[in-house]
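Peer 1: Before I ask anything, let me first share the structure, which is written out below as structure tokens.
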Amino acid sequence: SQFLRNFYEFNLPADVVKRLNINDFDSCGNLINYKNGASMVFFFTPACRFCQESVIQYTNFARQTKGISNVLAVDMSLAENQFFIPKSNKFSYSVGKSYPMFIAYRDGNACNVYTGERSVSGFTNFLGKVDPNCGLSGKCL
């Protein structure tokens, strides 16, 4: 709903969390930009209760790591993002099945799906442990 979208927009500040859309990814789900260092992408829908509950911690994580890592988000309720399902043979994930989904990237390459506690320390520890050489090996499906 528009109310939830407005509520969510207010709580996910653009100055620390950069918004992306499907045009920011290749067909494998890798980032086209953000090729240097670590990135975390939060795939969400505004109506998702668990997404709403993650906003404060994700925003605080973004503030804490500003200038160190790229903290990004994709609103999957927007029409242009509805059919985005990246294909990767590195690990199996399908954006669109459940939210929230957090995916770590290293130098633009999709690395790992985060399934831990949705907290600043959880996000920080996870992103810090992403293998610097985690780039996709082989071809996309």
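The values are calculated or read from the model by the stated rules, or taken from the named source; none is laboratory data. Source: prediction; values computed, not measured. Please note: Cβ atoms are built from the backbone with ideal geometry, for glycine as well, and neighbour counts cover all protein chains shown. Only protein heavy atoms, including side chains, enter the accessible area calculation; ligands, DNA and RNA are left aside. Shrake-Rupley method; radii C 1.70, N 1.55, O 1.52, S 1.80 Å.
Peer 1: Using a 1.4 Å probe and ignoring any ligands, DNA or RNA, find the accessible area of LEU20 and quote it in Å² to the nearest 10.
Peer 2: Roughly 10 Å² of LEU20 is accessible to a 1.4 Å probe.
Peer 1: Go through region 53-62 residue by residue and turn each phi into a ³J(HN,Hα) via Karplus (6.51, -1.76, 1.60, θ = phi - 60°); whole Hz please, and just put x for glycine and proline.
Peer 2: 5, 8, 4, 4, 5, 5, 5, 5, 4, 4
Peer 1: For the pair SER98/LYS66, report the inter-label distance in nm, with labels modelled 7 Å from Cα in the Cβ direction.
Peer 2: With each label point 7 Å from Cα toward Cβ, the separation is 3.3 nm.
Peer 1: Quick one: ranking VAL113, VAL71 by accessible area, 1.4 Å probe, largest first, what do you get?
Peer 2: VAL113, VAL71
Peer 1: So if R0 is 25 Å, what FRET efficiency would GLU117 and ASN33 give, r being the distance between their Cβ atoms, rounded to the nearest 0.05?
Peer 2: About 0.30, to the nearest 0.05.
Peer 1: With a 1.4 Å probe and all protein chains kept in place, how do ASP24, ASP75, ASP131 rank by accessible area, largest first?
Peer 2: Values: ASP24 35, ASP75 5, ASP131 75 Å².
Most to least solvent-accessible, the answer reads ASP131, ASP24, ASP75.
Peer 1: With each pseudo-label sitting 7 Å past Cα toward Cβ, what's the ASN23-PHE50 distance in nm, one decimal?
Peer 2: Going by the 7 Å Cα→Cβ label model, 3.1 nm.
Peer 1: Continuing with the same structure: Taking θ = phi - 60°, what integer Hz values does the Karplus form 6.51 cos²θ - 1.76 cosθ + 1.60 yield along region 107-116, in sequence order, with x for Gly and Pro?
Peer 2: 6, x, 8, 5, 10, 9, 8, 8, 10, x
Peer 1: Rounded to whole Hz and in sequence order, give me ³J(HN,Hα) for region 15-32 from the Karplus expression 6.51 cos²θ - 1.76 cosθ + 1.60, θ = phi - 60°, writing x for Gly and Pro.
Peer 2: Calculated HN-Hα couplings, in order: 6, 10, 10, 7, 7, 10, 9, 4, 6, 8, 10, 8, 5, 8, x, 8, 6, 7 Hz.
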